[in-house]
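**Student:** There's a structure below that I have some questions on.
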Amino acid sequence: MGKYCSKCGTELQEGAKFCKKCGAAVAGVQKAASSTRTVEKRNKKPVIIGTIATVVIIGIIVLISGMISNLLVPAYEKPLKAQVEGINNNDTKKYISSFIETEREGYDTEYLQELMKEVKSISYEVVSSEKMSSASVLNTGLTLGFATKDVEDALTLSVDFKVQGPNGEKKTMNADFDVVKINNKWYAITDMAD
């Protein structure tokens, strides 16, 4: 196979040191072509490494932002969030997980599933929170079957809800949502399905 001048493309004679057409040095031209290929190979590695690094950084940012948004939800809002996510995802287990164990047993999931069909999406914003009175905690404890001495804290959350029905109709409302803290965990007293 013959060699060609890299400058003008003319076929070179065997052993020629210069191109007969353009006068370019054969050895210098070949070295330049060889070093160009090496530079091209070297330039591809940083691009690949840079692309991989960018993808990894974006993945870490997405992961951290999800963790931060979850951490930013005050602990006392988690039962409310569980009910809202349960409704939005048609997940009765998630919804029911917001309650004290005694309330989970025998929960009417059929009624909850019917309610979930009537709601396309729901969002919320906690407007304020205030401590529940001792009388309210005592009454709730008697109703739900937990000992009031086990209650570490109890709050009434004032919540603005935005609800979208299955046909796109929108409704905004404000409601109180009661939560109690027992054994360092918050539970819903309020059932949004009621």
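The values are calculated or read from the model by the stated rules, or taken from the named source; none is laboratory data. Note that the structure is predicted; figures quoted are calculated from it, not measured. Note: ideal-geometry Cβ built from the backbone for every residue, glycine included; neighbour counts use all protein chains shown. Accessible surface areas use protein heavy atoms only, side chains included; no ligands, DNA or RNA. Shrake-Rupley method; radii C 1.70, N 1.55, O 1.52, S 1.80 Å.
**Student:** From (1) loosely packed, with under 15 Cβ neighbours inside 10 Å; (2) not in a strand (DSSP E or B), pick out the condition that doesn't hold for THR140.
**Tutor:** With (1) loosely packed, with under 15 Cβ neighbours inside 10 Å; (2) not in a strand (DSSP E or B) applied to THR140, the lone miss is (1).
**Student:** Against the conditions (1) without any contact (Cβ under 8 Å) to a residue 60 or more places away in the chain; (2) open to solvent by 60 Å² or more (accessible area, probe 1.4 Å), where does VAL119 fall short? Just the number, please.
**Tutor:** Every listed condition holds for VAL119 apart from (2).
**Student:** For the structure I just gave you, tell me whether TYR107 is in contact (Cβ under 8 Å) with a residue 40 or more places away in the chain and under 23 Å from ASP91 (Cβ atoms).
**Tutor:** Here the answer is no, as TYR107 does not meet what is asked.
**Student:** Within region 77-102, track down each residue that is under 12 Å from LEU157 (Cβ atoms) and open to solvent by 60 Å² or more (accessible area, probe 1.4 Å).
**Tutor:** The one that is under 12 Å from LEU157 (Cβ atoms) and open to solvent by 60 Å² or more (accessible area, probe 1.4 Å): LYS78.
**Student:** Of (1) of a type outside the set (A, V, I, L, M, F, W, C); (2) under 16 Å from LYS78 (Cα atoms); (3) at pLDDT below 90, SER134 satisfies all except one. Which?
**Tutor:** (2) is the only condition that SER134 fails.
**Student:** Among (1) among the aliphatic types (A, V, I, L, M); (2) touching a helix residue (DSSP H, G or I) at 6+ places or on another chain (Cβ under 9 Å); (3) outside any helix (DSSP H, G or I), which single condition is VAL127 missing?
**Tutor:** In the conditions (1) among the aliphatic types (A, V, I, L, M); (2) touching a helix residue (DSSP H, G or I) at 6+ places or on another chain (Cβ under 9 Å); (3) outside any helix (DSSP H, G or I), VAL127 misses (2) alone.
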